[in-house]
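Heads up: the structure comes next, in structure tokens.
The values are calculated or read from the model by the stated rules, or taken from the named source; none is laboratory data. What you see is a predicted model; the values in this text were computed from it and never measured. Glycine also receives a Cβ, built like all others from the backbone with ideal geometry; neighbour counts cover every protein chain displayed.
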Protein chains: 2
Amino acid sequence: MPVNLNPPVAKQLLPVEGVILGIAEANIKRENRRDLLVMQLCDGAKVAGVFTKNRFCAAPVIVAREHLAAADGIRALVVNTGNANAGTGDQGLLDARTTCAALAGLLGCKSTQILPFSTGVIMEPLPVAKIAAGLPAAVANMTGDNWFDAAHAIMTTDIVAKAISKQVVVEGATVTITGIAKGSGMIHPNMATMLGYIATDANISQPLLQQLVSTAANRSFNCITVDGDTSTNDALMLIATGKASPNEVTSHAAYGVLLDAITEVAIYLAQAIVRDGEGATKFITVQIEGGRDEDECKKIGYAIAHSPLVKTAFFASDPNLGRILAAIGYAGVEDLDVAALQLYLDDVLVAENGGRAASYQEADGQRVMAQSDITIRVVLNRSDVNATLWTCDFSYDYVKINASYRS
Amino acid sequence: MPVNLNPPVAKQLLPVEGVILGIAEANIKRENRRDLLVMQLCDGAKVAGVFTKNRFCAAPVIVAREHLAAADGIRALVVNTGNANAGTGDQGLLDARTTCAALAGLLGCKSTQILPFSTGVIMEPLPVAKIAAGLPAAVANMTGDNWFDAAHAIMTTDIVAKAISKQVVVEGATVTITGIAKGSGMIHPNMATMLGYIATDANISQPLLQQLVSTAANRSFNCITVDGDTSTNDALMLIATGKASPNEVTSHAAYGVLLDAITEVAIYLAQAIVRDGEGATKFITVQIEGGRDEDECKKIGYAIAHSPLVKTAFFASDPNLGRILAAIGYAGVEDLDVAALQLYLDDVLVAENGGRAASYQEADGQRVMAQSDITIRVVLNRSDVNATLWTCDFSYDYVKINASYRS
């Protein structure tokens, strides 16, 4: 079960003026399942995004990048679950373009004004006829208050839907931000597709919007994902409809307010993915302090966060904390002085001077390990750079879910 | 259960003249368990080795390196299980030296002529008094034909002991090579301690012996371990007693014969560790062909070999082979043209031209996935460098073993 993650409440999800959403059952992988989402954007809405760096990136990622680059003005996004359209070669590209053309025909716009997204099994042909057949129902279903259903329509192995809204005042205007995301295989960052869609009615230029999404992604989704170690389909899209104000955000202060609010939404969604991690029973914050640069902090953080030995010890609530020291040691920081660092579990000093702290009591470690939210804190004492990552533990259910996902 | 790995047969393990071995029960972690091994070497025997690159390397690793560097002539090795003496700070170093001193006293040599090794739980104080108390029994037990018992004495979570002997003729003299190893957490290479001891009666100089062990390790144990991603205690030691011949191996041809034979022993032991991998049900060979250099071949090989998604699919015997493409894509080879490579499962062509091969039938994939030994073959078509790695699948039992190892 997800770790301290409440399902979204429909009435707390705020419409974003200029965005309407429709859901349908297209029978892509199974019958009787909402598996198709269309988001239509108002004229003048802007879209910016970040995509997977995987060399085997999926066909829809290639097509979405092309269409964003065409700069014809994006009018709609279409998302299917049940099939990732990845590792599908030229046919996959054709299928993604066919999906866009079908939706463009229904909405009366150009194909290049549609962004396609897919998530599900890899290396199976996309059932594009089923998607095309489902689109009219999705379009007919479109309203502004469909965010709750939209969050459900993009789920795959997710147990809980991920959605949140937030309002802030930017230069006198109330700005609404609503975001949804899917993903649940993030126990290791290369696992499963992460899709995130955040919409706001803020009025902001295309270059600033791109800067916003890149910065917010680096502080949220990229803290649960190793650089470059992404799935074939990962994408985070940020939509700005401009309806909140006739004036574009230009001041540094206003940009900062908007960035903070969008980052907060992105962090909530990213953490929700970890809390709903496949088989997760613990939510673990890995905080590396006092490094020389962000790279070495993240190296050490990811070595800990990825160690199956560390993760299974947390699953067992067993303070077998030497495994964390071993992970720090093989993180690849060549000149690391292991005798100079401190390791904490929440507020408990576990190790210093290259070994167990004199003050450490097994009972203290045991007490923290019994919690469902735990912070591993490593103080490197090398300089003043910090980094924080989020991960979860590694359980029987992780293996069960991934051994049976396709069948 | 181990995958196609037969236990060693005592009478097939050949004594190596100049090496005697003794085993004892020292009650280090549990009662009634052989947990202490002493190997005494004849005068003039040479020892060379490779050690973990972990920055948190264990106290015995530091001391063993020091004693090898002292070049006083190594007279004995001492190995304990049940405690790794890692993450133990200055006290750990003292404990490792105390162990050496105790054995040196019994054998009438200097402390610096002893190499200590430990494996087991990390960050617990070494029960050095128990080890010292157990040493006389181990010394009293020493004989040349104790390799079978020695292989058992160094096991931790291993199910099957790992040992093999081989004879080759080198410049007219019959040379015997006998090796033992322990390790079973190699489903991911940062897992558990790997210890290997190979002894030969070949007569070879110290520099050539060091070259031998480094080369053999690179072709065997380092193909189941990412560079630098090693445990706190990993070590492979190569002992040469010189008893087989009065003349040192000097010719290129003779060195080659010896290298091949020792590499063969090392590969057997390394593969045995994977076959006995914690919870393993499948032995997987990952063969990367046609790369530009070894680095990119290994990057791709390890991305596949480490992917929990790939490993759980193999556990399920589910040909969800798109997961392999995804792993190739995020391996970090920046200019990889994914449309130019072929993916095979044994002899079955699975993917080419960026997607599923036209000839691929699910039934063929299913047939290969049902086997217990499987080869994943990726043909990059970039140049002519190849690399082969070995790994295993990822099962419920892996989680079970590692969630309960300490308690």
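Of the numbered criteria (1) within 12 Å of chain A (Cβ to nearest Cβ); (2) over 21 Å from residue B:302 (Cα atoms); (3) hydroxyl-bearing (Ser, Thr, Tyr), the one residue B:359 fails is (1). Of all the residues in region A:52-76, those that are within 10 Å of residue A:116 (Cα to Cα) and touching a Lys or Arg at 6+ places or on another chain (Cβ under 7 Å) number 1. Restricting attention to region B:1-46 and to residues that are within 17 Å of the chain's Cα centre (by Cα) and buried (at least 17 other Cβ atoms within 10 Å of the Cβ), the residue that is modelled with the lowest pLDDT turns out to be B:2.
Could you tell me whether residue A:292 is of a type outside the set (Asp, Glu) and within 12 Å of chain B (Cβ to nearest Cβ)? No.
State whether one or more residues within region B:181-190 are among the β-branched types (Val, Ile, Thr), closer than 26 Å to residue B:146 by Cα and either in a strand (DSSP E or B) or at pLDDT below 95 (or both). So far as region B:181-190 goes, no, none of its residues is among the β-branched types (Val, Ile, Thr), closer than 26 Å to residue B:146 by Cα and either in a strand (DSSP E or B) or at pLDDT below 95 (or both). From the residues in region B:295-341 that are closer than 20 Å to residue B:364 by Cβ and more than 8 Å from chain A (Cβ to nearest Cβ), which one is farthest from the chain's Cα centre (by Cα)? Once the filter is applied, the top-ranked residue is B:341. The condition of being assigned by TED's automatic domain parsing to the domain that holds residue A:37, in contact (Cβ under 8 Å) with a residue 40 or more places away in the chain and on the phi < 0 side of the Ramachandran plot holds for only one of A:96, A:173, that being A:173.
Summed over region A:47-63, the residues that are more than 19 Å from residue A:221 (Cα to Cα), crowded, with 22+ Cβ neighbours inside 10 Å and modelled with pLDDT of 95 or more give a count of 3. So in region B:299-311, with the set limited to residues that are modelled with pLDDT of 85 or more and aliphatic (A, V, I, L, M), which one is nearest to residue A:125 (Cα to Cα)? Taking the candidates together, the pick is B:310. If you filter region B:109-161 down to residues that are of a type in the set (S, T, N, Q), within 14 Å of another protein chain (Cβ to nearest Cβ) and in a loop (DSSP other than H, G, I, E, B), you find that the one that is surrounded by the fewest Cβ atoms within 10 Å (Cβ to Cβ) is B:157. Residues in region A:347-357 that are farther than 16 Å from residue B:85 by Cα and either surrounded by fewer than 17 Cβ atoms within 10 Å (Cβ to Cβ) or not assigned by TED's automatic domain parsing to the domain that holds residue A:329 (or both): A:347 alone.
Could you tell me which residue of region A:381-407 is nearest to the other protein chains (Cβ to nearest Cβ), considering only residues that are closer than 23 Å to residue A:283 by Cβ and modelled with pLDDT of 85 or more? The extreme case among them is A:393. Go through the residues of region B:64-72 one by one and say whether even a single one is crowded, with 24+ Cβ neighbours inside 10 Å and of a type in the set (Gly, Ala, Ser). Looking through region B:64-72, at least one residue is crowded, with 24+ Cβ neighbours inside 10 Å and of a type in the set (Gly, Ala, Ser). Residue count for region A:312-357 satisfying the condition of being closer than 12 Å to residue B:123 by Cα and aliphatic (A, V, I, L, M): 7.
Within region B:342-355, being hydrophobic (A, V, I, L, M, F, W, C) and facing chain A (nearest Cβ under 7 Å) holds for one residue alone: B:351. Of all residues in region B:62-96, those that are of a type outside the set (Gly, Ala, Ser) and farther than 21 Å from residue B:40 by Cβ total 9.
Can you find even one residue in region B:60-83 that is assigned to a loop (DSSP other than H, G, I, E, B), touching an Asp or Glu at 6+ places or on another chain (Cβ under 7 Å) and more than 30 Å from residue A:330 (Cβ to Cβ)? Scanning region B:60-83 turns up no residue that is assigned to a loop (DSSP other than H, G, I, E, B), touching an Asp or Glu at 6+ places or on another chain (Cβ under 7 Å) and more than 30 Å from residue A:330 (Cβ to Cβ). For region B:25-46, a residue qualifies if it is closer than 15 Å to residue B:118 by Cβ and part of a strand (DSSP E or B), and the qualifying residues are B:36, B:37, B:38, B:39.
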